[in-house]
């Protein structure tokens with residue numbers, strides 16, 4: 001019940017501010033509304049018991065990317081009327097609506113193979129483990145008493161996947177970050193300022 | 001809260017972002033819309049990871065977190081993209097004195 005209330009209020013807040021981001025003329029306000037969207041998505045992550053991602057979302061999106069956007073908005077002019085639509089206005093309205101209709105049709109007509117509720121509880125536990133060990137009380141609450149399955153649950157970990165199965169992607173992403181860092185330094189430094 | 005409602009919210013967010021990315025002329029506004037689209041996709045990843053987990057459920061419990069690992073990669077790539085993109089925007093603004101996409105026709109001096 002409380003989950004549903006939280007979910008629907010989060011949905012309304014997130015969608016309304018997302019519409020605000022693309023509609024509001026004042027770019028500075030859209031940047032602030034974008035921060036609200038990011039916080040809303042972090043709230044969804046909390047509701048889905050993906051606490052680690054929620055914290056990462058707040059740190060990186062709300063803390064870093066929003067600030068970056070606000071800086072970029074303030075460093076360029078035309079803030080007040082900078083968000084004006086272009087000539088493709090009609091096509092840009094029709095295409096997303098068509099896409100939305102198609103996607104929603106797919107979502108509601110597909111028969112999703114969802115997990116049983118008790119397995120979903122296990123997923124919740126494993127996801128919670130990503131930010132800390134599962135306490136004895138939590139095991140007791142989900143009536144997981146045998147030692148072996150407790151150990152299996154404790155061993156499941158995001159880091160296990162990051163530096164295990166997906167280690168190649170992990171290294172690739174770190175090289176990408178380095179390249180982006182050097183690239184943006186070179187771009188921001190400019191041609192004239194040595 | 002069900003899988004369908006989560007996917008619907010994510011789809012609506014994605015389409016709002018798509019509308020913004022297609023219809024705005026300001027580069028920074030387009031970037032903001034793209035960020036909304038990234039967030040919608042991340043939401044979908046986590047929702048699927050929570051409700052429709054891989055068949056490997058009984059083999060290796062870590063694989064339950066695959067969706068979250070993908071989201072971490074998406075966030076990293078998005079951060080790199082934004083850092084580079086805003087760098088390009090500032091460089092463009094320095095050389096052409098405008099960040100209007102309908103007026104920018106070249107990247108060099």
Item to complete: Treat the count of other C-beta atoms within 10 Å as a stand-in for reagent exposure and order A:76, B:66 from fewest to most.
Response: B:66, A:76
Fill in: Estimated FRET transfer efficiency when R0 is 25 angstrom, pair residue A:67-residue B:5 (beta carbons, to 0.05)
0.20
Worksheet, complete the sentence: Subtracting the Cα-Cα distance of residue A:188 and residue A:28 from 0.36 nm times their residue separation yields 55.5 nm
Worksheet, complete the sentence: A correct fewest-to-most ranking of A:70, B:104 by other Cβ atoms within 10 Å would be B:104, A:70
Fill in: Residue order, fewest to most surrounding Cβ atoms within 10 angstrom, among A:44, A:170, A:69, B:45
A:170, B:45, A:69, A:44
Item to complete: Per DSSP H run of n ≥ 4, the term is -39500 (n - 2.57); total these for chain B, divide by its residue number, and report the mean residue ellipticity at 222 nm rounded to 500 deg cm²/dmol.
Response: -25000 deg cm²/dmol
Discussion item. Counting only other chains, and only Cβ atoms inside 10 Å, what mean value do you get across the residues of B:87-94?
Written reply: 6
Worksheet entry | Contour excess over end-to-end distance, with Cα ends at residue A:102 and residue A:167 and 0.36 nm allotted per residue | 19.8 nm
Worksheet item: In percent, what relative contact order does chain B have, based on Cα pairs under 8 Å that are 6 or more apart in sequence?
Response: 26 percent
Discussion item. Averaged over its residues, how many other protein chain Cβ atoms are within 10 Å of peptide A:111-124's Cβ atoms?
Written reply: 3
Worksheet item: Please state the relative contact order of the stretch A:1-85 as a whole percent: Cα pairs under 8 Å, 6+ residues apart?
Response: 35 percent
Item to complete: Count, for each residue of A:99-108, the Cβ atoms from other chains sitting within 10 Å of its Cβ, then give me the mean as a whole number.
Response: 4
Worksheet item: Of the peptides B:8-17, A:107-116, A:2-11, how do they stack up when ordered by the mean number of other Cβ atoms within 10 Å, highest first?
Response: B:8-17, A:2-11, A:107-116
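Read-outs: derived from the displayed coordinates by stated rules, not from any lab. Computed from a predicted model, the values in this text were never measured in an experiment. All Cβ positions, even for glycine, are placed from backbone atoms using ideal geometry, and neighbour counts span all protein chains on display.
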